[in-house]
Amino acid sequence: MAIITISRQPASFGDEVCSLVAKKLNYRFVGRSEIENKILKLGFPKDKLHKYDEKVPGFFASLSKDRDEYLDYLQTAVLEEAEDNNCVIVGRGSFIILSELENHFSFRIISSMNDRIMRCKALPEYKDLPEKEIIKILENSDKQRLGFHKSFFNYQIDDPSLYHGVLNTSLLDIESAANLITETVKTSVTETKEKAGLHRIDRLLICQRIVNMLILEYDLGINELRASANGEKITLFGKADSSAVVKRALTITQAELPEYTVESAIKVVQDFKVY
């Protein structure tokens, strides 16, 4: 029926709400470990994952080729999970990656800082920490998540206009929040929306797999490479330092997708240096 993505503040009961929504709808729950495992299975090095996973990349990490590769693997992982439909995906920018899907519903779970502090105090790992330290941990986590979405997607995660609904678990209990989400999805999704969403995700996966092939298999020097499909046309975007690289990308893509017309919107900057 639908694909649900849920963004959440730490200690907002976001994971608990996600899990209950999945149970109520009999949907697959796709959390942190599921996405991480798929990213690693796709080929991203385990020892580099901690530099990027819901964090602001450091200065050198942000300039590294690994940054773009992590994003390619992340987007592939989320799209492949969504391809099977009927799932609840937690975090990792999934609400942005899947925003074009007609059968996609996005929600954000928030809570007051005081309630988040009290919930942390009830956890064994925070039990002996002073309140100031807990506040520092929560504020840093918020900062990292804001920076992650800004760095990788250029979105403000706390912008309420990005979501179908923002639910405050200082005002709603877990059961009520989950019920609001499930009822919204049940009453909003249609067979037409589901069919259109599944068709669109097929296009998104085609585009993502072309990007992965050009960057990861052919190692073409194109930064910020992405592809979009409009009808029977595939367009490539990004930055390169020569027209020869662009021509090769077009040739490879056309050979892989002969049923599409392939065009370039890649910017050629002579003084631009690839990673």
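A few notes on this one:
- In the stretch 108-246, Cα pairs under 8 Å separated by at least six residues give a relative contact order of 17 percent.
- Helix 14-25 vs. the chain, principal-axis angle (Cα, 0 to 90°, nearest 10): 80 degrees
- Probe 1.4 Å, protein heavy atoms only - accessible area per residue of the stretch 78-157 in square angstrom: 47 Å²
- Note that the stretch 136-275 shows a convex hull volume over its alpha carbon atoms of 169 Å³ per residue.
- Relative contact order of the chain: 23 percent, from C-alpha pairs under 8 Å at least 6 residues apart in sequence.
- Overall form of the stretch 125-204 per C-alpha gyration tensor (a/c, 1.5; a/b vs b/c): oblate
- Given (i) 59, 46, 31; (ii) 46, 46, 36; (iii) 47, 39, 35, the label whose value is Cα extents along the principal axes in Å derived from this model: (i)
- The stretch 196-272: relative contact order as a whole-number percent, Cα under 8 Å and 6+ apart: 28 percent
- Nearest-ten-degree value, helix 243-256 long axis tilted from longest Cα axis of the chain: 80 degrees
- Segments 83-91, 229-237 sorted - mean Cβ within 10 Å per residue, highest first: 83-91, 229-237
- Portion, in percent, of the accessible area of the chain that falls on carbon or sulfur, probe 1.4 Å: 51 percent
- Convex hull of Cα atoms in the stretch 71-142, direction-averaged projection (nm²): 6.5 nm²
- The stretch 1-121 - Kirkwood radius from inverse mean 1/r over Cα pairs (Å): 15.3 Å
- Taking all protein chains as shown and a probe of 1.4 angstrom, Arg8 keeps an accessible surface of around 30 Å².
- Nearest-ten-degree value, helix 65-83 long axis tilted from longest Cα axis of the chain: 70 degrees
- Radius 14 Å from Cβ of Thr184, net charge of other residues (Lys, Arg +1; Asp, Glu -1): +3
- Cross-link pairs exceeding 28 Å in C-alpha to C-alpha distance, out of Lys193/Lys239; Lys195/Lys267; Lys65/Lys247; Lys51/Lys233, comprise Lys193/Lys239; Lys195/Lys267; Lys51/Lys233.
- Each Lys or Arg adds one and each Asp or Glu subtracts one; over the other residues with Cβ under 12 Å from the Cβ of Lys233, this totals -2.
The values are calculated or read from the model by the stated rules, or taken from the named source; none is laboratory data. This structure is a prediction, so every number in the text was calculated from the model and none was measured. We place every Cβ from the backbone using ideal geometry, glycine too, and count neighbours over all the protein chains shown. Note: accessible area is taken over every heavy atom of the protein model, side chains too, but ligands, DNA and RNA are not part of it. Shrake-Rupley method; radii C 1.70, N 1.55, O 1.52, S 1.80 Å.
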